[in-house]
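Written below as structure tokens is the structure these notes are about.
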């Protein structure tokens, strides 16, 4: 019993002496689309101050620079800066290096008076490269459409955080692997999007032989299947026809009298022209078999295999169309150049809505862009994949 009480007493002392962190923040400041705040962390262990301990500061879940060491009073200060998020809330976390002890605080960023009335524009575009990765480009322009240089753009992708300033053309670009990408730009809302993995046969080397191409290329097999369907259709129409050969149209009694008069045989045509009748039966059987084979080939090649062979083209066309629709919406947000006016007053002219505008306009634009992209993709690639 005394030993058990001693162990409990020791555990209680250890729990009381567990490290603790207290956070204090100065009022945050906002300027030029960025925030700055000074954070003070106080590390204690029971009644004792933790001196010489390394504390790591985090903004959200991303480490901010390197760790800071506490002084003799267990205190350390850190000035934290970064782009203002769209929510205008920033979560700052401090953790003792090598321990699970941590403490976080959420601060509210005040409005930037200098940014009031600003109408800068941000445009994000990405392109799939030959190596299967993407090139993500960010264009920053002012309200007059003039590119802005020197604007810091933060890319959060591939498990890394990189800040790149826009060049003289107002563009900041970075190569990114497929996956989640987040772009933070001062004064703009955060851009979150997914870069999808390219098709499994993306940028595959060209087959050397025709047989290898037939074995590995869906479009090549589809082309030969369409040619087979077309060739068999032409053969059936040109040589076999679409139905059995017509008979004489005479009844059996008339056939017998006709044959008795001309051939001195009182019998129907089947009994006299047996060779011709055998040929007719053979052609009817061949015609029926050939048309059944054509229908089977048509269903397998056209109805079933065509969607399978063109699945990559359809998927890529859908992505390109969706991206074009999004870029169209971004372009509509860009400011229009005001028309030049003279001294005379002009009456505004009301134009009727164009096709593609109105209730079903977006659906019509999507269908039109999708089929245009699909036809262009098939025509550009040919039988290559």
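Does residue 161 meet the test of being over 21 Å from the mean Cα position of the chain (by Cα), at pLDDT below 90 and under 24 Å from residue 197 (Cβ atoms)?
Taking the combined requirement at face value, the residue satisfies it.
Among the residues of segment 238-256, which ones are surrounded by fewer than 12 Cβ atoms within 10 Å (Cβ to Cβ), at pLDDT 70 or above and either more than 60 Å from the chain's Cα centre (by Cα) or assigned to a loop (DSSP other than H, G, I, E, B) (or both)?
The answer is 242, 251, 252, 253.
Condition first: loosely packed, with under 12 Cβ neighbours inside 10 Å and at pLDDT 80 or above. Can you find one or more residues in segment 305-316 that meet it?
Checking segment 305-316: at least one residue is loosely packed, with under 12 Cβ neighbours inside 10 Å and at pLDDT 80 or above.
Could you tell me which numbered condition residue 102 fails, if it satisfies all but one of (1) surrounded by 12 or more Cβ atoms within 10 Å (Cβ to Cβ); (2) within 26 Å of residue 181 (Cα to Cα)?
Failed condition: (2).
Would you check if residue 299 is under 30 Å from residue 196 (Cβ atoms) and at pLDDT 80 or above?
Judged against the criteria, residue 299 is not a match.
With (1) farther than 20 Å from residue 33 by Cβ; (2) at pLDDT below 80; (3) surrounded by 13 or more Cβ atoms within 10 Å (Cβ to Cβ) as the list, and residue 112 as the residue in question, which single condition is left unmet?
(1)
Within 30 Å of residue 198 (Cβ to Cβ), out of contact with any helix residue (DSSP H, G or I) (no Cβ under 9 Å at 6 or more places or on another chain), at pLDDT 70 or above and surrounded by 12 or more Cβ atoms within 10 Å (Cβ to Cβ): does that describe residue 323?
So residue 323 passes the test.
Working carefully through the options 46, 52, find the one that is modelled with pLDDT under 85, under 21 Å from residue 19 (Cβ atoms) and over 40 Å from the mean Cα position of the chain (by Cα).
46 is the lone residue from the list that is modelled with pLDDT under 85, under 21 Å from residue 19 (Cβ atoms) and over 40 Å from the mean Cα position of the chain (by Cα).
The values are calculated or read from the model by the stated rules, or taken from the named source; none is laboratory data. Treat the numbers as computed from the prediction; the structure is a model and nothing was measured. Cβ sites come from the backbone with ideal geometry, for glycine too, and all protein chains shown count toward neighbours.
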